[in-house]
Amino acid sequence: MLCAALGMQAADDVTIRRNQVGYAPQQEKIVVVEGANPGSKLRLTAPDGTVTKPRVVRKSTSPWSGKTRYVVNLGDASQTGTYQLSMGKRKACSITVAEHPLRKIANSSLRLFYLIRSGVAIDRGGVYNRPMGHPDTRVLIHPSAASSLRPAGTVISSPLGWYDAGDYNKYVVNSAFSIGLMFSAYEQQTAYFNALKTDIPESGNQTPDFLDEMMFNLQWLFTMQDPQDGGVYHKLTTPNFEGFIMPAACKQPRYVVQKSVTATLDFAAVMADAARLYEPYSQDYPGFAAQAAAVAERAYQWAVANPRAYYHQEQLKNPGVSTGTYGDNNAGDEFFWAASALWRLTGKQVYLDAARQYQPKRFTAPTWGNVASLGAYEWLAAKQDAPLFAPMKTQLMDYCETLVKQVPTSQFHAPFGNSPRDFGWGCLAENCCCPAMALLYADQLQGTSKYRPYALQNADYLLGRNATGYCFVTGFGDQPAMNPHHRISAADQVEAPFPGMLVGGPNPGQQDKNGAEFTYPSNHPDESYADHSGSYASNEIAINWNASLVALLCWLDATE
C-alpha cells in the first residue's frame, strides 16, 4: 500500500498532496498530483463503493524546483466517510469527508494556550502535565526600566501570562497582538466562541472558556504597566534564552526592561477592547472592565507624551539582554489601532482625530510589527455609520480581490504560496492564516460566501496540500510536524509535541543553517522547511502564529 501523503511515491512516480485532516461535504475537494500526468489512472472510491474519475483541472510547473504538478478536482464527494484515491490498481491515499472536519483541530489550536501557561502547574494536560515554572513573583526592574519609585533592582510581581514562543519569556507587543487578533475573530463569531469548551481550570464559571483563557494573559499584562506614569515595559525576560529544559528547572533571574511606545500602545488597544468585551462578565471578574478602561487611557497618554520611545535592546546593560527583540521604529500603526479601539470604547473626539491622522492608505494583513489592520477591524466591527468604516471597507475589499486573482495559476490552488515573498519567518501565520482571515471578514461585511472558499484553500495548504507534504499543525494529519522548536516539547520526555501548534513554515532565509545539526531538504522557497527542534527559522511556534490559526480555523468551523 502506498501513501503519497507520507512523502512516498505512488504509482508511476506520482506524489499526491492533499488536506490530511478532512473536507466538509459541500467543500471543494482539490488534490495536487506531482510528477507524471495522472490522466485516466486516477479513481476515487466513495464510502458506499461508488467509483468516480477525478478531473485534472490544469498542469503547472514550479518556477523554483521545476517540478510538474497537476491540480485535480475530486468532484462532488459529498458522502461523509473515508474515500480511497487510487492510481491504476494501486491505492494512493485516503480522503476524509466529515461534518465539521475542522472542529477538533480548531479547538486544539485554542487549548494550546492553556498548555503554554506560565507561572502555574498544568494539571489538565494529561501526559503534558507539569509542575509550576516561572512564578514571576520576584521580577527585577532592569536599569533600562528604572524610575524614581522603582529604581533598578526593585522587586515586583508579574505572574501568569503565556510563554511567548519556543522560549520562556513574555513579550507585551506579541501578547497584546495575539489577544487583539483573536478578539477580532471573537467579535465576528461570538456565539461560536462562547460555546467552545477547552477543559481549563476556569471552565464552569459564568464566562466563556475563550474569554477565560484571554484573561489569563490579560492579568499578566496588567502587571507590566508602571503605576507611576502609565508606560508599559516592553517585556519580561531572562538576560539570555534558557536551554532546552523544563520551566521548573530554569534558574536565570528575570527582568522587566525598558518601556516602549509600541508595547504601551498595543497594551492600550487590547485593554480598551477587553473593557468592552468583559463588561457582561463582572460576576467572575468584578471591576475588571472599569480598570481595563482606565489603564488603557493612561497608557495612551504616556504614548502621546513619548511617541519616539522605541525599544533599543542593544543599549541595555547590566545585564545585557539577547532574547527576542520585537523591535519596531514606527509607531504610526500602533497609534491607529489604539486610537481606534479607544474611540469604540469612549467615543471621544481626541481618539477619532488621532485615528484619522494615522489611518493607513491600504489594507495589509496583520502582523505584530504592523497592526494597522487591527485598527481597521475596529472600525469594520463598529457600525456602518462609524466615521472610518467606508474607507476601511474599501481597502479590505481591494486587498481581497488582489489575493484571489492568484488562484487560477497557483501551484497548490490557494491564494498563498505563489511568490517567493510568501515564504519566510512565520509565513504560515502572517502570509497564509491572516490573509485568509481577511477574506472571511470581507464575506462577513457583505453577507456572502464569495471569499470563504479561498480561505479554505489556504487552510488546505496548511493541512498538507503543499510542496513539503507536511501538515503544519502538530498532532494532526498523516505527516504532522513532530519536532517543533519548542523547549517544553523537546524536554518533557513525551514523544509527541503539544497538539494544535502551528509551526512557522518554509523559510528560504534559513537563518539557522550555519553550524546546525540538521540540513534543509531544499533551498526552494516552498520546500525550505526542516522538521527539527533546532530549526527556529522554519519550525518554531509562537502565540501570534497560533492566534492566527485560532482565528482562521474557528471562523471556518463556525461558518460551515
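The values are calculated or read from the model by the stated rules, or taken from the named source; none is laboratory data. The shown structure was predicted, so the numbers you read here are calculated from the model rather than taken from an experiment. Using ideal geometry, Cβ is built from the backbone for each residue, glycine included, and neighbour counts are taken over all protein chains shown. In case anyone asks, the SASA skips ligands and DNA or RNA and just uses the protein heavy atoms, side chains included. Shrake-Rupley method; radii C 1.70, N 1.55, O 1.52, S 1.80 Å.
Points worth noting:
- Verdict on VAL304 being in a helix (DSSP H, G or I) and under 27 Å from the mean Cα position of the chain (by Cα): no
- Qualifying residue in segment 172-182 (condition: more than 19 Å from HIS234 (Cβ to Cβ) and open to solvent by less than 10 Å² (accessible area, probe 1.4 Å)): yes
- Residue in segment 454-477 that is within 27 Å of ALA24 (Cβ to Cβ), open to solvent by 30 Å² or more (accessible area, probe 1.4 Å) and not in a loop (DSSP other than H, G, I, E, B) present: yes
- Every residue from segment 356-390 that is closer than 23 Å to HIS234 by Cα and not in a loop (DSSP other than H, G, I, E, B): TYR358, THR367, ASN370, ALA372, SER373, LEU374, GLY375
- Complete set of residues in segment 89-141 that are open to solvent by less than 30 Å² (accessible area, probe 1.4 Å), among the β-branched types (Val, Ile, Thr) and under 29 Å from LEU221 (Cα atoms): ILE105, ILE116, ILE122, VAL139, ILE141
- Restricting attention to segment 371-429 and to residues that are under 20 Å from the mean Cα position of the chain (by Cα) and among the acidic types (Asp, Glu), the residue that is nearest to LEU352 (Cα to Cα) turns out to be GLU378.
- Checking each residue in segment 491-507 for being touching a residue at least 24 places away in the same chain (Cβ under 8 Å), open to solvent by less than 10 Å² (accessible area, probe 1.4 Å) and part of a loop (DSSP other than H, G, I, E, B) picks out PHE498, GLY500, MET501, VAL503, GLY504, GLY505, PRO506, ASN507.
- Per the listing ALA185, ALA191, the residue uniquely at pLDDT 95 or above, out of contact with any Leu (no Cβ under 6 Å at 6 or more places or on another chain) and either in a loop (DSSP other than H, G, I, E, B) or surrounded by fewer than 17 Cβ atoms within 10 Å (Cβ to Cβ) (or both) is ALA191.
- Per-region count, segment 194-214, residues in contact with a helix residue (DSSP H, G or I) (Cβ under 8 Å, 6 or more places away or on another chain) and open to solvent by 40 Å² or more (accessible area, probe 1.4 Å): 7
- Residue within segment 223-233 that is part of a helix (DSSP H, G or I) and in contact (Cβ under 8 Å) with a residue 12 or more places away in the chain present: yes
- Just one of the listed residues (GLN384, GLN315, GLN357) is modelled with pLDDT under 95 and not acidic (Asp, Glu), namely GLN384.
- Of PHE222, PHE288, all but one fail to be within 24 Å of the chain's Cα centre (by Cα) and either hydroxyl-bearing (Ser, Thr, Tyr) or modelled with pLDDT of 95 or more (or both); the exception is PHE222.
- Selection count where residues are touching a helix residue (DSSP H, G or I) at 6+ places or on another chain (Cβ under 7 Å), more than 17 Å from GLN444 (Cα to Cα) and open to solvent by less than 60 Å² (accessible area, probe 1.4 Å), scope segment 404-428: 11
Conditions tested, residue by residue: (1) within 24 Å of THR96 (Cα to Cα); (2) of a type in the set (S, T, N, Q).
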{"site": "ALA467", "(1), (2)": "yes, no"}
{"site": "PRO484", "(1), (2)": "no, no"}
{"site": "ASP512", "(1), (2)": "no, no"}
{"site": "PRO525", "(1), (2)": "no, no"}
{"site": "SER535", "(1), (2)": "no, yes"}
{"site": "LEU556", "(1), (2)": "yes, no"}
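- Segment 28-51, subset without any contact (Cβ under 8 Å) to a residue 60 or more places away in the chain, among the aliphatic types (A, V, I, L, M) and touching a Lys or Arg at 6+ places or on another chain (Cβ under 9 Å), residue surrounded by the fewest Cβ atoms within 10 Å (Cβ to Cβ): VAL51
- Output for segment 307-361, where each listed residue is among the β-branched types (Val, Ile, Thr) and either under 25 Å from the mean Cα position of the chain (by Cα) or farther than 15 Å from ALA268 by Cα (or both): VAL321, THR323, THR325
- Of all residues in segment 220-272 being open to solvent by 10 Å² or more (accessible area, probe 1.4 Å) and among the polar types (S, T, N, Q), the one that is nearest to PRO159 (Cα to Cα): THR223
- When residues of segment 273-293 are limited to those that are aliphatic (A, V, I, L, M) and over 12 Å from LEU218 (Cβ atoms), the one least open to solvent (accessible area, probe 1.4 Å): ALA293
- Among the residues making up segment 465-490, those that are of a type in the set (A, V, I, L, M, F, W, C) and over 16 Å from ILE245 (Cβ atoms) are ALA467, CYS471, PHE472, VAL473, PHE476, ALA481, MET482.
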